[in-house]
Structures are given as C-alpha cells and as structure tokens.
C-alpha cells in the first residue's frame, strides 16, 4: 500500500447520509487529511440552523479524527448574479444561512459558484455578485473564508476566467476573506490548457499575477470528460479524461500547492471503491511515482464500468 506524502492534504467530497457527523468517519476510513461536504441538501432553499448537539458531535468527531481541513460547498440553487432581484435576495439569504451553519460546525472554508446571467448582462451580473459578497462578508463570522470557484463557463455561468474572479475579489470589502477554488476540470473546460506543461505554467503564472499564492484556498481535483475549451462541466476519474495524468502529476509535484486541500469530486459508485482508486492514483503521484496508461488500466480493471 502506497503511503501518502505527509505534506499533501488529500481528500474527497463525502456524503452526510445518516447525519453530519457520519461524514467525518467516511473521510477517515479513506485515509483523508481533508474532506468536503454539503452541510444541507444542496437542492433546497430552506436551511435551518444546525442542532446544537449535532454541531458538538461534528466538531468532536473532526477533532478526534486527525483530519486537518474541512470544506463546505454551498448549494446549487444560489445565483447571486441573477437579473431577478427576488432570486438574488433568496440566494443572499441562503448564503447567509450557509455561513451560519459553517460557524456552528467550525468549518473555515465555504466554496461557492458566482452564479449566471444573460450573456449581454455579464458586467451587471458581476456587479450584483460583488455587492452580495460585500454584504455577506460584513455580516458573517470573521473566521470564515468564502472561496469563489472557477467555473467551466457552461451556459451563462460567470467566473470562468481568472480575470472575472479577480474583479470580484478586488470589489470585496474584505479581499483577505475571499479566496479562490480552482477546479481542474472547470479550468480545462474554460480553455486553460492544464493538459500541457506550457498551459499549466501559463495558468499559474497568471493566477499569481492576479491574486498571489495566498488566495488559493481549495483545489478540486477532477479529470474532464470533455476536451479543452468545451465549456462542459463533466467530471471524470483521475487520468481517464482530457486533463490527463500529466496535469495531476504536475499539481502533486508542485511544492507551491502542497499545503492546499486537494479535494476529489470524481464520479461515485455504489460504494467507496471509486474514491479509493482515485486517491490511490493521487498518492502514487504525491510520492513521485510515474503512472502510465497501462498502469492506470490495471488499477481500474477491476472496477466494473470504469474503463
């Protein structure tokens, strides 16, 4: 069994079926040093505060697990960029509720998508998101960092360029509390060529020019089912998509990003075997091992329907 390089903070997005504290055990059984979860149903608006006994049990489970980083992901319904004022207000209320749940659970990082709007209203959409973020940051707990996720640009989603995320961060009243989450699948789909050495270098050079290293707070490690610049957000298993194994070898071998939580959001199966296999691939790369296409095929050959 490969051992994980101690400086890499590898994890997965885990289910909360059976209650929030159960997520900690699932991550622990996978040998994770980090994990991501939804603190509530991501497809519903009504978010209630966490019951005090549940919050206490969750905090205690994390403390006893040895897991270093917990990340929450905001629900899918939020759209702070919408031209419909009632939807923006509804999204704002839901985001505030997400922030409060993170405070109760002791979760320091909350990832969210900026939203979407008609293509001819992109500037106005960015302005609406910036205003909403200022409001939330001013009223939420100071220990929480909101992490804007780079999007694939599917449909009318905004935030598919580093420049747009930089505009939102610069417009914030508290830029130090507004981080960035880079998803490898989204970046490739948005046209950033992480599948090549030159493209990888150019992407991170531009990132550091716009934000500085400290702004990167979360990495989502997902291969892409569609090629570069497709604008399609469809995740694939590590090394089996268009990002390619080289993309992840470069990330795991890049000392700049070793302290950053690297969260898998790859396709799930009926059990945790897919997560285990994807983590195995990452752990090989973290240890500096080379993985060929044949080796990947062997790793996945016993997982029905994956190759």
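Would you pick out the residues in the range 110-130 that are more than 25 Å from the chain's Cα centre (by Cα) and buried (at least 16 other Cβ atoms within 10 Å of the Cβ)?
Residue satisfying the conditions is 121 alone.
For residue 243, work out the one condition from (1) touching a helix residue (DSSP H, G or I) at 6+ places or on another chain (Cβ under 8 Å); (2) surrounded by fewer than 23 Cβ atoms within 10 Å (Cβ to Cβ); (3) free of Cβ contacts under 8 Å to residues at least 60 places away in the same chain; (4) closer than 27 Å to residue 7 by Cβ it doesn't fulfil.
(2) is the only condition that residue 243 fails.
For the range 70-81, does any single residue satisfy the condition of being out of contact with any strand residue (DSSP E or B) (no Cβ under 7 Å at 6 or more places or on another chain), closer than 26 Å to residue 137 by Cβ, in a helix (DSSP H, G or I) and at pLDDT 95 or above?
no
Looking at the range 261-273, which of its residues are touching a helix residue (DSSP H, G or I) at 6+ places or on another chain (Cβ under 9 Å) and either assigned to a loop (DSSP other than H, G, I, E, B) or surrounded by fewer than 21 Cβ atoms within 10 Å (Cβ to Cβ) (or both)?
Within the range 261-273, 265, 266, 267, 268, 269, 272 meet the criteria.
Conditions (1) crowded, with 21+ Cβ neighbours inside 10 Å; (2) touching a helix residue (DSSP H, G or I) at 6+ places or on another chain (Cβ under 6 Å); (3) modelled with pLDDT of 95 or more, marked per residue:
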position: 16; (1), (2), (3): no, yes, yes
position: 34; (1), (2), (3): yes, no, yes
position: 64; (1), (2), (3): no, no, yes
position: 84; (1), (2), (3): no, no, yes
position: 108; (1), (2), (3): no, no, yes
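Quick test for you: out of 191, 159, pick the one residue that is at pLDDT 95 or above, more than 17 Å from residue 257 (Cβ to Cβ) and in contact with a helix residue (DSSP H, G or I) (Cβ under 9 Å, 6 or more places away or on another chain).
Just one listed residue meets the conditions, 159.
Would it be correct to say that residue 223 is at pLDDT below 95 and either in contact with a strand residue (DSSP E or B) (Cβ under 9 Å, 6 or more places away or on another chain) or more than 26 Å from residue 167 (Cβ to Cβ) (or both)?
Judged against the criteria, residue 223 is not a match.
Restricting attention to the range 244-257, does a residue exist that is in contact with a strand residue (DSSP E or B) (Cβ under 6 Å, 6 or more places away or on another chain) and under 30 Å from residue 159 (Cα atoms)?
no
Is it true that some residue in the range 88-107 is over 20 Å from residue 139 (Cβ atoms) and without any contact (Cβ under 8 Å) to a residue 60 or more places away in the chain?
no
If you go through the range 232-239 one residue at a time, do you hit one that is in contact (Cβ under 8 Å) with a residue 40 or more places away in the chain and assigned to a helix (DSSP H, G or I)?
no
Confirm whether residue 299 is at pLDDT below 95, in contact with a helix residue (DSSP H, G or I) (Cβ under 7 Å, 6 or more places away or on another chain) and in a helix (DSSP H, G or I).
yes
For the range 42-62: of the residues being out of contact with any helix residue (DSSP H, G or I) (no Cβ under 9 Å at 6 or more places or on another chain) and assigned to a helix (DSSP H, G or I), which is surrounded by the most Cβ atoms within 10 Å (Cβ to Cβ)?
This residue is 56.
The values are calculated or read from the model by the stated rules, or taken from the named source; none is laboratory data. Because the structure is a prediction, the values reported are computed rather than measured. So basically every Cβ, Gly included, is an ideal-geometry build from the backbone, and we count neighbours across all protein chains shown.
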